[in-house]
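What follows draws every value from the coordinates through simple rules; no lab data is involved. It should be emphasised that the depicted structure is a prediction, and the values quoted were computed from it without experimental measurement. Cβ placement follows ideal geometry from the backbone for every residue including glycine, while neighbour counts extend to all protein chains displayed.
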Amino acid sequence: MAGCAVLEATQGVEAIAMAQREMPSLIFLDYCLPGMDGWQVCQVLKNDPRTQAIPVVIISGLDKSDCLALDGPQGADAFIAKPWEVSAIMEILIKFLPGDRRLDHER
């Protein structure tokens, strides 16, 4: 709907490998993942020089204050609560994607 290509990983280790390989412009990361949780994935991505500049947005059904992934320099760049609204996703896209990658109608 937003004109963005979407890649999907179902586990934390898979998400890290995909991010390192594909170098996405933005990562939406569920806080509760099997294996490595979203906090651990976020830490790995933010500590890796190749991926540390990629904005990470945590999506969770937990309260924002319960999500450790927002704390410290290895933390996520933003948080969206579940159930999320399309408008919240659009705000994130506008905020974090470079101007040349935004939707034409948002320019």
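Quick notes
- Full-stretch length increase - N47, Q20 - with 0.36 nm per residue and alpha-carbon distance subtracted: 8.5 nm
- Net charge of neighbours whose Cβ lies under 13 Å from the Cβ of E22, counting Lys and Arg as +1 and Asp and Glu as -1: 0
- Here the simple spin-label model places points 7 Å from the Cα toward Cβ, and for S87 and T10 these points are separated by 3.4 nm.
- Burial order of peptide ranges 83-89, 23-29 (average beta-carbon count within 10 Å, highest first): 23-29, 83-89
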